[in-house]
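The values are calculated or read from the model by the stated rules, or taken from the named source; none is laboratory data. This is a predicted model, so every value here is computed, not measured. Here the Cβ is made from the backbone with ideal geometry for all residues, glycine too, and neighbour counts use every protein chain on show. With ligands, DNA and RNA removed, areas are computed over all heavy atoms of the protein, side chains included. Shrake-Rupley method; radii C 1.70, N 1.55, O 1.52, S 1.80 Å.
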Amino acid sequence: MKLKHFLQFVAPSVTLMLLLMAAPLVFTLYLSTQNCVLDLETVTELQSTPFGTQDVLTQRARTDARGNAIQLCDYVGLDYYKKVLGIATGPSVSLAKPVAAPPNEFAAALKFTLIYTFTTLPFVLGIGLLLALGVNQITARLKGAFIAASLLPFIITPVVAALSIKWLFRDNGLVPYLLSNVGIQVFWMAEAWSARLLIIVYGVWHSVPFAFIVLYAGLQSVPQDSLEAATIDGASRWQRLRFVTLPHLAPLIVFLSLIHVMDAYRVFEPIIVLTQGAFTMSVQYLTYFILLQENNPYKASAAAVLTLIGILILLIPLLIKTYREQRGGR
Amino acid sequence: MKKNITLQTVVYAGLALWLILASLPIVWTAVISFRQYIDAFSSPVKFWAPFTFENYERLWIDRAFYRNFLNTALITVCTVTISLTVGCLAGYALSRYRGSLGFWLLMVALVFRAIPHSSLLPSFFTLFDAIGIRNTYLSLILVLVAINQPFTIWMLRSFFVNIPSELDEAALVDGCSRFQAFRRVIIPVMWPGVVTTGLFSFLLAYNDFLLSSALTSTEKMTMPAAIANSISAESEALLMQGVAGAVSITIPLIILIVLFQKQIVGGLTQGAVKG
């Protein structure tokens, strides 16, 4: 295919990605160094109160010719990054007591995001592998039905899944009731450790089917000769798994780990549903919260840029792996 | 090999346990969606309770959830159609072009696929407000198409690579232009790949909560964004409507699994097993 034709064919796709992904990212970088405020003017208004009419000073935004509020923007450099990272800003020489630094929101969010990512990973791979080995053993007729049913946690709308789990664990829900029968009393949504545990349970539950299906597909191509040879040589079931099957699955396990890290880094729905940020935050939630609750797109941009730096660092192994494969495949 | 009865039992028990865990949240939600609040969340928990359609009635008729359903239908259909049209052209070109530009496009797409969506929101807010297209169906659809593109072109490319290039080259020799070769020769044989990719595009658009809840206001919201106000539900009625909504959102997905199980499983293993 000629370069000219290639460019014509990819043009619509590339245009969309440039306009709605690349350009917004660059713009986010710009926004994160800005601070805009409404151009306020003080006006005297005549107001009628129960004590008669009187002049009241009020503030209102100046508007331009089209009636839109005018915003005054300033370059503030790294101020918002410092705010998000909890580094104190302001005059360095102060007569008053030093102001306490704001909490390091980003570090807190990043910490839980990474805890979530790396505690779910071994469970996702382990349970996925056990299910794949198990399904490999059962009769063919049941396989299709089992695979279909086990897809549910992966396919279901994440916000719905998180809500369902919340309803299952809330006061007077099914799980606390069953647990109270064996003498365990936990208010799942009321404490930090249990809320975090629920988020991690959600993460494992949601990601296991993908790992299971990929590993199951991988098991179909394990060389049968090697397995039989190992059996004849007197290898136990465990030894065959350890020395024949697992080495064969290793590339898939690497692949699954990389995809999981990428996807877990974006965890969002269980955070907003299960704790509403009360005990714990993720990096995506932090940006969303600053933008929609604090209503500050500039600070949110700073959080977004830090989030992006994080994912780029996590992506490096995946990029190197893909680079080698794609180059090697040519 | 001798049958190991103990092992078989353990295997079946383990698989059954996973099935229960996998389906319990939504099954229990479905059960309590047909109850009044006092029966749905009671102490002790009731396994049998009077049956009622009230929650669904309130949600679909009084709260006009059908509007959110129509929004979802409109947004997902448009997103999938545009994604596939744009993605097929790019995916085909990527599978046939040998220069290094194609490789770099794929690498950039891989980075884009990993971008957390909330990072794009501050820009979308500011830019869409500036040109006055915030809170329109079109802006949400285009955003969903764009964030879908990296995945779509990777997946479609891997399908097109498997269609022998002799097919379209023969057409080129016979005097077709590149586009005619694509339209007459490739399109008729590409449907399995397009269906699978389309399913995943559908899931992404249908399941999206973050973008849809941030970029649209109540009357234009999709179903997942619309039930979000039951997250912090203070009122019991609102909570029960959320329960009914959760079940309503899940039913089309269950139908999807039943109809397209093979394609979904095939799509999931596509990228992994090949490399």
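Please give the number of the condition B:L140 fails out of (1) at the interface with chain A (Cβ under 7 Å from one of its Cβ atoms); (2) open to solvent by less than 20 Å² (accessible area, probe 1.4 Å).
With (1) at the interface with chain A (Cβ under 7 Å from one of its Cβ atoms); (2) open to solvent by less than 20 Å² (accessible area, probe 1.4 Å) applied to B:L140, the lone miss is (1).
Please state which one of A:A132, A:A161 is within 8 Å of another protein chain (Cβ to nearest Cβ), touching a residue at least 40 places away in the same chain (Cβ under 8 Å) and either farther than 15 Å from A:P209 by Cα or open to solvent by less than 10 Å² (accessible area, probe 1.4 Å) (or both).
A:A161
Considering the stretch A:164-196 alone, what residues qualify as being open to solvent by less than 30 Å² (accessible area, probe 1.4 Å) and facing another protein chain (nearest Cβ under 7 Å)?
A:S164, A:I165, A:W167, A:L168, A:G173, A:L174
(1) within 22 Å of the chain's Cα centre (by Cα); (2) of a type in the set (S, T, N, Q); (3) surrounded by fewer than 22 Cβ atoms within 10 Å (Cβ to Cβ); (4) within 27 Å of A:G144 (Cβ to Cβ): which one isn't true of A:S207, the others all being true?
So the condition that A:S207 fails would be (3).
Any idea which residue in the stretch A:135-158 is most open to solvent (accessible area, probe 1.4 Å), counting only those that are among the polar types (S, T, N, Q) and within 7 Å of chain B (Cβ to nearest Cβ)?
So the residue we want is A:Q137.
Hey, could you check the stretch B:36-45 for residues that are out of contact with any Lys or Arg (no Cβ under 8 Å at 6 or more places or on another chain) and surrounded by 15 or more Cβ atoms within 10 Å (Cβ to Cβ) and say which is farthest from A:V175 (Cα to Cα)?
Ranking the qualifying residues of the stretch B:36-45, first place goes to B:Q36.
Taking B:T85, is it surrounded by fewer than 21 Cβ atoms within 10 Å (Cβ to Cβ), under 24 Å from the mean Cα position of the chain (by Cα) and more than 24 Å from B:L238 (Cβ to Cβ)?
yes
Would you check if B:P192 is touching a residue at least 24 places away in the same chain (Cβ under 8 Å), of a type outside the set (A, V, I, L, M), loosely packed, with under 14 Cβ neighbours inside 10 Å and more than 22 Å from A:M17 (Cα to Cα)?
Yes; evaluated as a whole, the condition is true for this residue.
Among the residues of the stretch A:29-41, is there at least one that is closer than 30 Å to B:I147 by Cβ and aliphatic (A, V, I, L, M)?
Yes - at least one qualifying residue is present in the stretch A:29-41.
Quick test of your reading of the structure: A:E325 fulfils all but one of (1) facing chain B (nearest Cβ under 10 Å); (2) open to solvent by 70 Å² or more (accessible area, probe 1.4 Å); (3) under 24 Å from B:D208 (Cα atoms). Name the failing condition by number.
(3)
Which one of the conditions (1) open to solvent by less than 30 Å² (accessible area, probe 1.4 Å); (2) more than 19 Å from the chain's Cα centre (by Cα); (3) within 11 Å of chain A (Cβ to nearest Cβ) does B:N207 fail to meet, given that it meets all the rest?
With (1) open to solvent by less than 30 Å² (accessible area, probe 1.4 Å); (2) more than 19 Å from the chain's Cα centre (by Cα); (3) within 11 Å of chain A (Cβ to nearest Cβ) applied to B:N207, the lone miss is (2).
What is the one condition in (1) part of a helix (DSSP H, G or I); (2) closer than 30 Å to A:L131 by Cβ; (3) at the interface with chain A (Cβ under 10 Å from one of its Cβ atoms) that B:F47 does not satisfy?
It fails just one condition, (1).
Read through the list (1) farther than 15 Å from B:A214 by Cβ; (2) more than 7 Å from chain A (Cβ to nearest Cβ); (3) open to solvent by less than 10 Å² (accessible area, probe 1.4 Å); (4) not small (G, A, S), then give the number of the only condition that B:W154 fails.
Only one criterion in (1) farther than 15 Å from B:A214 by Cβ; (2) more than 7 Å from chain A (Cβ to nearest Cβ); (3) open to solvent by less than 10 Å² (accessible area, probe 1.4 Å); (4) not small (G, A, S) is unmet by B:W154, namely (3).
Residues being open to solvent by 50 Å² or more (accessible area, probe 1.4 Å) and closer than 19 Å to A:H206 by Cβ: count how many of those fall in the stretch B:1-35.
The total comes to 6.
Restricting to helices (runs of 4 or more DSSP H) lying wholly in the stretch A:216-294: which have 2 or more residues that are small (G, A, S) and open to solvent by 30 Å² or more (accessible area, probe 1.4 Å)?
A:224-232
Is one or more of the residues making up the stretch A:26-45 open to solvent by 30 Å² or more (accessible area, probe 1.4 Å) and at the interface with another protein chain (Cβ under 7 Å from one of its Cβ atoms)?
Scanning the stretch A:26-45, I find at least one residue that is open to solvent by 30 Å² or more (accessible area, probe 1.4 Å) and at the interface with another protein chain (Cβ under 7 Å from one of its Cβ atoms), so the answer is yes.
Does B:L259 meet the test of being farther than 19 Å from A:L274 by Cα and without any contact (Cβ under 8 Å) to a residue 24 or more places away in the chain?
In short, yes.
Surrounded by fewer than 17 Cβ atoms within 10 Å (Cβ to Cβ), modelled with pLDDT under 90 and of a type in the set (S, T, N, Q): does that describe A:T15?
no
So is B:T218 more than 11 Å from chain A (Cβ to nearest Cβ) and closer than 30 Å to B:V265 by Cβ or not?
So B:T218 fails the test.
If you go through the stretch B:55-82 one residue at a time, how many are in a loop (DSSP other than H, G, I, E, B) and open to solvent by less than 20 Å² (accessible area, probe 1.4 Å)?
Summing the residues that are in a loop (DSSP other than H, G, I, E, B) and open to solvent by less than 20 Å² (accessible area, probe 1.4 Å) in the stretch B:55-82 gives 1.
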